[in-house]
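The values are calculated or read from the model by the stated rules, or taken from the named source; none is laboratory data. Bear in mind that the values here come from a model prediction, so they are computed numbers and not experimental data. Note that we place each Cβ from the backbone using ideal geometry, even for glycine, and neighbour counts take in every protein chain shown.
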Amino acid sequence: MLHTGRCALRFHVVALYLPRRSARRLAEMLEAGADEGHIGPLSYEAAKDLTAAMFGFRDWKALHDSLRMSVPSESDEVVSEAAELAKRRRWQASELQRLYSKMPIAFAEKLVDEWRPTCGIAIFHPPQWAYAARAKADRRMQSRQ
């Protein structure tokens, strides 16, 4: 279980739909190699804990226990100021880099930018890592034949 140990920013939700989707998306990205070896494939449970850290919670249980305890935070799409969204992204990247100290901050920023853990809408145009995942799956299928 991943414990972040601190929380400077906290993203509150009233249901687990958004964090679950974010955790699945992260697990898929890492499976496809989007992290370039800095984290490696994670189980869905480990991806949930890392997602909870990006939401500002110690672990998934802490995020779950906080449901409906506070007014929900604005998702990325409705944050009123660009500076506030940039601050959120910088914090998420620095937290990711803190948890994985060998990860360069520039790469953490890139990963958070593609992952968009606090994005409220489904992403319809998959980023580059999604195409790599599809190619990897195709190669696996070909090798089985």
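Yes or no, residue by residue, for (1) assigned to a loop (DSSP other than H, G, I, E, B); (2) touching a Cys at 6+ places or on another chain (Cβ under 9 Å); (3) within 26 Å of residue 140 (Cβ to Cβ):
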site	(1), (2), (3)
13	yes, no, no
23	no, no, yes
77	no, yes, no
80	yes, no, no
98	no, no, no
102	yes, no, no
111	no, no, yes
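Scanning the range 108-136 for residues that are β-branched (Val, Ile, Thr), farther than 18 Å from residue 40 by Cβ and at pLDDT 85 or above yields a single hit, 118. Just name the residue that is farthest from residue 19 (Cα to Cα) out of those in the range 41-57 that are in contact with a helix residue (DSSP H, G or I) (Cβ under 7 Å, 6 or more places away or on another chain) and outside any helix (DSSP H, G or I). So, considering only residues that are in contact with a helix residue (DSSP H, G or I) (Cβ under 7 Å, 6 or more places away or on another chain) and outside any helix (DSSP H, G or I), the one farthest from residue 19 (Cα to Cα) is 41.
One line per residue, one yes/no per condition, for (1) modelled with pLDDT under 85; (2) closer than 20 Å to residue 10 by Cβ:
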{"position": "40", "(1), (2)": "yes, no"}
{"position": "48", "(1), (2)": "no, yes"}
{"position": "53", "(1), (2)": "no, yes"}
{"position": "56", "(1), (2)": "no, yes"}
{"position": "61", "(1), (2)": "no, yes"}
{"position": "86", "(1), (2)": "no, yes"}
{"position": "91", "(1), (2)": "no, yes"}
{"position": "101", "(1), (2)": "yes, no"}
{"position": "106", "(1), (2)": "no, no"}
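Apart from one condition, residue 29 fits all of (1) in a helix (DSSP H, G or I); (2) free of Cβ contacts under 8 Å to residues at least 60 places away in the same chain; (3) closer than 30 Å to residue 140 by Cα; the exception is (2). Only a single item in (1) in a helix (DSSP H, G or I); (2) of a type outside the set (Ser, Thr, Tyr); (3) touching a residue at least 12 places away in the same chain (Cβ under 8 Å) is not met by residue 84, and it is number (3). When restricted to residues that are on the phi < 0 side of the Ramachandran plot, small (Gly, Ala, Ser) and under 14 Å from the mean Cα position of the chain (by Cα), the range 52-79 contains 3.
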